[in-house]
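K.L.:
I'd like to ask some things about the structure below.
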Amino acid sequence: MKCPICGAAETRVIETRSSDEGRVNRRRRECPECSARFTTYERLEEKGYLWVVKKDGRREAFDRAKIIRGLQHACEKLPVALETLEEAADRIEERVRSTGQGEIPTAMIGEMAAEELRGINKVAYVRFASVYKEFTDISSFTHEIARLLDDKEAHRNG
Ligand SMILES: [Zn+2]
């Protein structure tokens with residue numbers, strides 16, 4: 001831990017105290033350069049439990065790996081790096097957690113995944129959307145395709 005006073009790279013721990021049943025460590029530190037004393041806290045990262053609620057009402061624990069598998073499935077045989085999908089999954093998890101809700105409908109996650117794929121690969125997006133958005137009729141599907149093509153035109157012209 002860097003000294004907040006003089007910026008020295010190394011400081012010494014002179015006392016450690018645990019609290020909250022070992023979930024928090026409070027450390028008293030001293031800088032060998034300027035003798036400043038300060039305190040740092042180390043906390044266990046609290047990732048509150050998050051449930052995903054399916055359409056039939058069943059719940060299961062939020063699973064980042066499952067989201068990545070879904071994205072991978074949509075990107076099969078397409079030139080998309082796993083890293084790109086992992087970043088997308090991170091953003092989805094971040095958004096889901098920032099809602100502050102303990103229960104998230106699968107539809108909401110599907111919507112977020114579709115949005116991510118839209119920016120990653122259009123083919124993957126259409127594949128994914130055709131499953132998750134459950135286009136009820138062919139016109140809503142063609143409407144979506146048309147929207148994509150409009151986007152493409154806009155990029156080409158802009
Ligand atoms: Zn110092």
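The values are calculated or read from the model by the stated rules, or taken from the named source; none is laboratory data. These figures come from a predicted structure and were not determined experimentally. Don't worry about glycine lacking a Cβ; one is built from the backbone with ideal geometry, like all the others, and counts go over all protein chains shown. Note: accessible area is taken over every heavy atom of the protein model, side chains too, but ligands, DNA and RNA are not part of it. Shrake-Rupley method; radii C 1.70, N 1.55, O 1.52, S 1.80 Å.
K.L.:
So which strands (runs of 3 or more DSSP E) stay within the stretch 1-77 end to end and still have 2 or more residues that are farther than 20 Å from E93 by Cβ? Outline the logic, then answer.
P.N.:
Numbers: elements: 12-19, 24-30, 37-43, 51-53, 59-61.
Passing ranges, in order: 12-19, 24-30, 37-43.
K.L.:
Further question: Taking R23 and the conditions (1) farther than 30 Å from R64 by Cβ; (2) under 34 Å from the mean Cα position of the chain (by Cα), which numbered condition does it fall short on, given that it satisfies the others?
P.N.:
Status for R23: all satisfied but (1).
K.L.:
Could you please tell me which pairs satisfy a Cβ distance under 9 Å, a separation of 6+ or placement on different chains, a first residue in the stretch 4-33 that is at positive phi, and a second residue that is near the ligand (Cβ under 9 Å from one of its atoms)?
P.N.:
Partner pairs satisfying both residue conditions: G7/E33.
K.L.:
What number goes with the only condition from (1) surrounded by 14 or more Cβ atoms within 10 Å (Cβ to Cβ); (2) closer than 17 Å to V131 by Cβ that R69 does not pass?
P.N.:
(1)
K.L.:
Can you spot a residue in the stretch 57-72 that is within 16 Å of the ligand (Cβ to nearest atom) and without any contact (Cβ under 8 Å) to a residue 24 or more places away in the chain?
P.N.:
Here is the first cut: in the stretch 57-72, the residues within 16 Å of the ligand (Cβ to nearest atom) are none.
No: zero hits.
K.L.:
Any chance you could count how many residues in the stretch 3-16 are within 9 Å of the ligand (Cβ to nearest atom) and surrounded by fewer than 11 Cβ atoms within 10 Å (Cβ to Cβ)? Steps first, answer last, please.
P.N.:
We begin by selecting, within the stretch 3-16, every residue within 9 Å of the ligand (Cβ to nearest atom); these are 3-8, 11.
Add one more test, that the residue is surrounded by fewer than 11 Cβ atoms within 10 Å (Cβ to Cβ), and what stays is 7.
Residues in the stretch 3-16 being within 9 Å of the ligand (Cβ to nearest atom) and surrounded by fewer than 11 Cβ atoms within 10 Å (Cβ to Cβ): 1 in total.
K.L.:
Tell me, which residue of the stretch 17-53 that is open to solvent by 70 Å² or more (accessible area, probe 1.4 Å) and among the polar types (S, T, N, Q) is farthest from I104 (Cα to Cα)?
P.N.:
The extreme case among them is S35.
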